[in-house]
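What follows is a short report on a single structure.
Just so it is clear, none of the values below were taken in a lab; they were calculated from the coordinates. Just so we're clear, the structure is a prediction, and the values are computed from it rather than from any experiment. Cβ atoms come from the backbone with ideal geometry, glycine included; neighbour counts cover every protein chain shown.
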């Protein structure tokens, strides 16, 4: 599988893609001005050329686990929209859907009916990820390993398997376009820049496989009190994995989701999270947005469904920050 180098649609369909290529796009403007620029750029019918990514490529493939055992905090939404935004910013991205519900596969418009090659085949049958990954129709540098309902039985089937916690890590590192060593990746153009793993809302064997496979962890936190209660348990699990299975795992990114600036509670939760985690917390909080929720029903991320919306703008800025902080 070869990733298109600098590929862009003949008629650009995403504001992020055009904004990143347009010198007039002002990243320091007010949020309202940026939204207006984003929306206007999305409707232009010019065909730009890309000489390079809008943000620097990382020195090697970054494998990021998106996890939080609490449901409804925006894990899948964050995974697919950050992945789409990174692709718009010139990065080459692989999304691995590890949730049997297959919601990430739905949002990225990749077939995931029962019987389709999926993460189940990689984990249980040992099938190479390169044979399973499918391109996202909307973004030529974004690939997806879909999840099917078959994955629901994987935890039971893996119980008796030797080294069951490392199955996903082995599959990811076996992909020819995943090069996590900077020395080996130097000068190699045709490789993935990011691997994002969307986890189920539990701390079972599937999530454990993801934590062992990843080098970094992104935690979406809903700006509500209950989200903070579950965070402690999640961090204890991370410490356990770090101590026994994956010493390189680091919580690199925390993203506040469903943020309602009108409430004191949201502001209080944000202040507490930023006070505890500091620079690990992305500056841009993701607001509550109907457009973000609507997009998957059209088989899209909000980045292509409504690129000028506040939700799309926020994910675009969050992805830019993730890419900029990680380029070293």
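Quick check: anything in the stretch 48-60 touching a residue at least 12 places away in the same chain (Cβ under 8 Å) and either outside any loop (DSSP other than H, G, I, E, B) or closer than 18 Å to residue 200 by Cβ (or both)? No, because not a single residue in the stretch 48-60 is touching a residue at least 12 places away in the same chain (Cβ under 8 Å) and either outside any loop (DSSP other than H, G, I, E, B) or closer than 18 Å to residue 200 by Cβ (or both). Could you check the stretch 277-287 and list, in sequence order, the residues that are without any contact (Cβ under 8 Å) to a residue 40 or more places away in the chain, within 18 Å of the chain's Cα centre (by Cα), outside any strand (DSSP E or B) and farther than 15 Å from residue 216 by Cα? Across the stretch 277-287, the qualifying residues are 283, 284.
Residues that are without any contact (Cβ under 8 Å) to a residue 60 or more places away in the chain and touching a helix residue (DSSP H, G or I) at 6+ places or on another chain (Cβ under 7 Å) were ranked within the stretch 178-211; the one that is surrounded by the most Cβ atoms within 10 Å (Cβ to Cβ) is 208.
Restricting attention to the stretch 61-80, the residues being within 12 Å of residue 218 (Cβ to Cβ) and either part of a loop (DSSP other than H, G, I, E, B) or free of Cβ contacts under 8 Å to residues at least 12 places away in the same chain (or both) number 4.
Residues in the stretch 102-111 that are surrounded by fewer than 23 Cβ atoms within 10 Å (Cβ to Cβ) and touching a helix residue (DSSP H, G or I) at 6+ places or on another chain (Cβ under 6 Å): 103, 106. The single condition among (1) out of contact with any helix residue (DSSP H, G or I) (no Cβ under 7 Å at 6 or more places or on another chain); (2) more than 19 Å from residue 78 (Cα to Cα); (3) surrounded by 18 or more Cβ atoms within 10 Å (Cβ to Cβ) that residue 214 does not meet is (2). If we keep just the residues of the stretch 294-316 that are assigned to a helix (DSSP H, G or I) and without any contact (Cβ under 8 Å) to a residue 60 or more places away in the chain, which is surrounded by the most Cβ atoms within 10 Å (Cβ to Cβ)? So, considering only residues that are assigned to a helix (DSSP H, G or I) and without any contact (Cβ under 8 Å) to a residue 60 or more places away in the chain, the one surrounded by the most Cβ atoms within 10 Å (Cβ to Cβ) is 314. Looking only at residues in the stretch 234-276 that are surrounded by 12 or more Cβ atoms within 10 Å (Cβ to Cβ) and part of a loop (DSSP other than H, G, I, E, B), the one that is farthest from the chain's Cα centre (by Cα) is 263.
Given the residues 201, 220, which is the only one that is over 18 Å from residue 122 (Cβ atoms) and touching a strand residue (DSSP E or B) at 6+ places or on another chain (Cβ under 9 Å)?
Values: 201 fails: touching a strand residue (DSSP E or B) at 6+ places or on another chain (Cβ under 9 Å).
Answer to the check: 220.
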